[in-house]
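To start, the structure itself, in C-alpha cells.
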Amino acid sequence: MEFFDAIRGRHSVREFKQRPVSKEIVEVMVDAGRLASTARNLQPWHFVGSLDKRILIQVSELAPNAAFCKDASAIVAIFSDDTKYYLEDCCAATQNILLAAHALGLGGCWVAGDKKDYCDKIKEMFKVPKDKKLVSIVVVGHPVDNIQKTPKKHLKEMMHWEKW
C-alpha cells in the first residue's frame, strides 16, 4: 500500500469479522511501532500482544471504552518506561501500529490508556512491572464489510499560514 493511501484510508474500526490474525502479522505491526520517532532515541516502549480471546474479553470488561475488544482478533498494549516524553513517544508508536494494521488489510482502534482508572488492572493482567505506564491499547481484527468512515474536516479548515 502506498504511504498516503495508508494515511488517507486508515480509520477507527470497532466491528470485526470472526477471523484470526496471526502472531506473525501482529509482530509486523509492532515492528512498525518500534521504529517510531522517539525523543533522545530512548525508545521507552514495551509491547504486550495477545491473541487469547479470554484476554480480549477481560480487556473489554476492564476498559469501558473498549467494549468492542471482545470481538477483535488481537490486541497490543503499549507500555512505557517513565521518561519525560513517554506519552509523545508511545503515541507515535501507537500510530505506526495502526497504520501498519491498515496497510496489512486489518482494522484497528486506539483505546486510551494513560491515566485511566483501569491502567493498574491491565498492568496486573499482563504482569507488567508497576513502574511502567500504560499509554494505549490497539485493538485489531479483520473489519466487517461496509464500515462507514467518519468524514474528516478539510485542510483549509485546519491549516493557517503565517498567522491564524
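A short reminder: the numbers here are calculations on the coordinates, not readings from a lab. None of these values were measured; they are calculated from a predicted model. Here the Cβ positions follow ideal geometry from the backbone for every residue, glycine too, while neighbour counts run over all protein chains shown.
A few notes on this one:
- Placing +1 on the Cβ of every Lys and Arg and -1 on the Cβ of every Asp and Glu, with nothing else charged, gives segment 1-74 a dipole about its Cα centre of roughly 120 debye.
- Extension gain from Lys84 to Glu157, taking 0.36 nm per residue of separation minus the Cα-Cα distance: 23.1 nm
- As computed over segment 25-127, the Cα convex hull volume per residue (Å³): 91 Å³
- The translational diffusion coefficient of segment 1-51, from Stokes-Einstein at 10 °C and 1.306 mPa s with a Kirkwood hydrodynamic radius over alpha carbon pairs, comes to 117 µm²/s.
- Using the average count of surrounding beta-carbon atoms within 10 Å as a protection proxy, the listed peptides 149-155, 57-63 rank, highest first, as 57-63, 149-155.
- Taken about its Cα centre, segment 81-136 carries a charge dipole of about 160 debye when Lys and Arg each add +1 at the Cβ and Asp and Glu each add -1 at the Cβ.
- Charge dipole of the chain (Cα centre as origin; +1 on each Lys and Arg Cβ, -1 on each Asp and Glu Cβ, all else neutral): 240 debye, rounded to the nearest 20.
- The chain, relative contact order in percent, only Cα pairs under 8 angstrom and at least six apart counted: 31 percent
- Stretched out straight at 0.36 nm per residue, the stretch from Val144 to Lys115 would grow longer than its current Cα-Cα span by 7.3 nm.
- Net lengthening on full extension, Arg40/Arg19 (0.36 nm per residue, minus Cα-Cα): 3.6 nm
- Placing unit charges on each Cβ (+1 for Lys and Arg, -1 for Asp and Glu) gives the chain a dipole about its Cα centre, and among Met158, Leu56, Pro129 the Cα reaching farthest toward its positive end belongs to Met158.
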